[in-house]
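Undergrad: Take a look at this one; I'll ask things after.
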Amino acid sequence: MPSAESDELRQMKGQWSSDRQQPDRRRRHWPLLRLPIGRTPGEKAARVPLGSYEFEKKGIARVDLGDPYRLAIALTWPQFLAALLGLYLAVNVVFATLFLLVPGCVANARPGNFADVFFFSIETLSTVGYGEMYPATPYGHAIAATEIVCGIAFTAILTGLTFVRFSRPRAKLLFASNPVVAMHKGKPTLMLRLGNGRASMLMDGMAKLNVLLSEKTAEGKPFRRAQELRLERARIPVFPYYWTLMHVLDERSPLHGYDAARMIEARALVFVTVGAHDPTLATVVHDIRSYRPEDIRFGMRYRDVVTFAEDGTTVADMSRIGELEPDVGEHQESGWTESEELEQPR
């Protein structure tokens with residue numbers, strides 16, 4: 001690594017060093033690494049998170065109101081409930097205002113009293129109708145009928161969205177907080193351990209490991225290059241407890257010769273995508289996780305989390321899936337680590 005570091009690189013290293021001092025098990029939400037990208041005022045742009053990394057896409061809106069279904073599904077539960085409450089109150093305020101504009105259209109409502117027509121709107125929207133207040137004029141009947149139709153549609157849409165959000169399958173995979181680079185069969189190997197966080201079995205697991213590197217063209221312009229990291233075993237037939245992904249840092253690897261300092265200099269972002277079939281849900285579940293360069297631990301390896309009970313039962317402690325120890329001496333990583341045979345050209 002050159003001795004003269006840029007101010008931006010020193011700032012990034014200082015921020016990452018402060019994060020490293022915190023215990024791994026407490027670091028659940030990583031601060032996003034934002035790349036400075038200029039744009040003209042008023043230009044549409046959206047930031048897209050990829051784990052701890054965030055990139056920007058220009059020419060698209062951050063919130064697409066033309067696709068309300070996807071927007072409602074993509075919201076978190078607190079955001080969804082807040083949006084639902086806001087929409088519910090807004091609809092009732094609109095109809096209460098319409099009732100308030102024509103005094104006497106709602107029987108037994110005090111003239112000019114917004115609270116009376118507001119609660120009458122709530123009763124009408126929900127099709128409850130307690131009977132004390134009711135439409136008293138053709139105008140009141142027209143507004144009430146319109147609100148009843150809106151209330152039926154609102155209830156149907158809310159029921160559908162809530163069902164979809166509850167029924168959406170989730171992988172519930174456990175990822176180690178840190179990838180490691182340890183010696184395996186005499187070669188430095190990038191390893192990442194992940195586990196099945198459910199009590200049931202996952203089947204036909206498939207994983208892909210990729211790296212995003214910052215490089216410069218021959219003209220000296222920076223650009224980001226993504227490359228796939230070949231895994232010793234990218235598929236497993238069954239996924240009962242944990243799986244160690246392994247990529248050998250040999251001459252064929254894009255990370256050949258990289259150390260911790262060079263990883264930081266290249267802003268190497270490692271991200272993994274995993275898919276597996278969940279027999280209980282009868283569908284394929286997916287998950288993705290990304291790691292910053294300072295997350296990678298060189299000279300460390302994962303502790304063995306599998307023990308055996310007195311009756312011979314295999315016991316896997318999933319709470320220790322990310323625990324590390326120094327990479328000292330010969331060590332055979334357990335799990336699905338057999339090398340895949342290269343397909344010979346015919």
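Undergrad: Using beta carbons and a limit of 8 Å, which pairs, at least six apart or on different chains, have the first residue in segment 88-108 and assigned by TED's automatic domain parsing to the domain that holds residue 119 and closer than 14 Å to residue 139 by Cβ and the second one of a type in the set (S, T, N, Q) and not in a helix (DSSP H, G or I)?
TA: Filtered contacts from segment 88-108: 102/137; 104/137; 105/137.
Undergrad: Spot the failing condition for residue 181; the list is (1) among the β-branched types (Val, Ile, Thr); (2) free of Cβ contacts under 8 Å to residues at least 60 places away in the same chain; (3) part of a strand (DSSP E or B), and only one is missed.
TA: Here residue 181 clears every test but (2).
Undergrad: Based on what the data block shows, is residue 253 crowded, with 18+ Cβ neighbours inside 10 Å, small (Gly, Ala, Ser) and more than 21 Å from the chain's Cα centre (by Cα)?
TA: yes
Undergrad: Is it true that residue 228 is charged (D, E, K, R), surrounded by fewer than 19 Cβ atoms within 10 Å (Cβ to Cβ) and in contact with a Lys or Arg (Cβ under 7 Å, 6 or more places away or on another chain)?
TA: Judged against the criteria, residue 228 is a match.
Undergrad: Moving on to the next point. Of everything in segment 106-148, what is in a helix (DSSP H, G or I) and surrounded by fewer than 11 Cβ atoms within 10 Å (Cβ to Cβ)? Give them in sequence order.
TA: If the condition is that a residue be in a helix (DSSP H, G or I) and surrounded by fewer than 11 Cβ atoms within 10 Å (Cβ to Cβ), then 115, 138 are the ones that fit.
Undergrad: Next up: If I ask for residues that are under 16 Å from residue 275 (Cβ atoms) and among the acidic types (Asp, Glu), which ones from segment 197-244 would you list?
TA: Of everything in segment 197-244, those that are under 16 Å from residue 275 (Cβ atoms) and among the acidic types (Asp, Glu) turn out to be 204, 228.
The values are calculated or read from the model by the stated rules, or taken from the named source; none is laboratory data. Every value quoted in this text rests on a predicted model; they were computed, and no experiment measured them. Note that each Cβ is placed from the backbone with ideal geometry, even for glycine, and that neighbours are counted across all protein chains shown.
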